[in-house]
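First up is the structure itself, then whatever we jot down about it.
The values are calculated or read from the model by the stated rules, or taken from the named source; none is laboratory data. Since this is a predicted model, take the numbers as computed values, not measurements. Positions of Cβ are backbone-derived with ideal geometry, glycine not excepted, and every protein chain shown enters the neighbour counts. Surface areas here come from the heavy atoms of the whole protein model, side chains and all, with no ligands, DNA or RNA. Shrake-Rupley method; radii C 1.70, N 1.55, O 1.52, S 1.80 Å.
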Amino acid sequence: MFVKVCGLTTVDDVAVAVEAGADAIGVVINRTSPRAVTPDLARSIIAAADGAVETVLVVNDMPAEDAARLAGRIGATVLQLHGAYTAADFAAARALFPRLWRATSLAHDPDLTVGAYGEQVLLLDAPQPGSGRQWDLGALADTAPSGDWILAGGLRPDNVARAIAQARPWGVDVSSGVESSPGVKDHGKIREFLSSATAVTNLT
Ligand SMILES: O=C(O)c1ccccc1NCC(=O)[C@H](O)[C@H](O)COP(=O)(O)O
């Protein structure tokens, strides 16, 4: 099970996530998120990972080409275009930065084919990213993507195992569920989440 811990806001968060076994960390750069960081802080957080994990720049409110240039500047290994980006946006971004993840939700009536927009990974989230709200996984019964797709939205240490068993994703993503307050990661919860996600992997 591939695990991404998203919305890191301090350099100290990085070592905890990496030591707990995360495969990827995410930094959010946008205008309104409680976990938004500046480009300078994002670069420091990514540098602290020192190549040990994927480092994902997450954006949802800037032009795709600007995001692609920014991903290169801060040293991210992946750009996650979250929400209302078109296939043309993906093509424009890909010309500048090759490794793209597409994040969307069932509520936005997306194309759930992994790679439909040229992305390497599809992330299925709640309608409002970073809200900490779970969505109805039962809706995936007939339409679950196949391939490298990540489940996100309201996952926590106490519900991630059940969500994995139900949705059978390739990976999981968490942000609010490992925080003590919006934008502040709880290091104990990060360890607990990794442990729960890994335990269910070992059972399947
Ligand atoms: O986390 C945010 O605040 C955010 C804001 C704007 C765009 C994307 C954002 N997060 C993207 C993620 O990949 C989150 O980890 C994902 O939405 C799950 O969040 P949560 O439900 O809080 O675990």
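Brief remarks follow.
- The residue that is farthest from residue 5 (Cα to Cα), counting only those in segment 77-87 that are surrounded by fewer than 16 Cβ atoms within 10 Å (Cβ to Cβ) and either touching a Leu at 6+ places or on another chain (Cβ under 6 Å) or not β-branched (Val, Ile, Thr) (or both), is 87.
Residues are listed down the side, and each one gets a yes or a no for (1) open to solvent by 70 Å² or more (accessible area, probe 1.4 Å); (2) closer than 21 Å to residue 6 by Cα; (3) modelled with pLDDT under 95; (4) more than 10 Å from the ligand (Cβ to nearest atom):
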| residue | (1), (2), (3), (4) |
| --- | --- |
| 89 | no, no, no, yes |
| 106 | no, yes, yes, yes |
| 173 | no, yes, no, no |
| 186 | no, yes, no, yes |
| 192 | yes, yes, no, yes |
| 198 | no, yes, yes, yes |
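- Residue 29, sole failed condition from (1) open to solvent by less than 50 Å² (accessible area, probe 1.4 Å); (2) over 18 Å from residue 69 (Cα atoms): (2)
- Residues that are open to solvent by 40 Å² or more (accessible area, probe 1.4 Å) and either in a helix (DSSP H, G or I) or within 13 Å of residue 4 (Cα to Cα) (or both), drawn from segment 149-160: 156
- Matching residues in segment 49-73 - criterion: being within 16 Å of the ligand (Cβ to nearest atom) and buried (at least 17 other Cβ atoms within 10 Å of the Cβ): 53, 54, 55, 56, 57, 58, 59, 60, 64, 67, 70, 71
- Residue list for segment 109-136, restricted to those being more than 14 Å from the chain's Cα centre (by Cα) and away from the ligand (no atom under 13 Å from the Cβ): 109, 110, 111, 112, 113, 114, 115, 116, 117, 118, 136
- In segment 109-148, the residues that are open to solvent by less than 20 Å² (accessible area, probe 1.4 Å), touching a residue at least 40 places away in the same chain (Cβ under 8 Å) and in a loop (DSSP other than H, G, I, E, B): 125
- Residue list for segment 7-26, restricted to those being open to solvent by less than 30 Å² (accessible area, probe 1.4 Å), away from the ligand (no atom under 11 Å from the Cβ) and in a loop (DSSP other than H, G, I, E, B): 22
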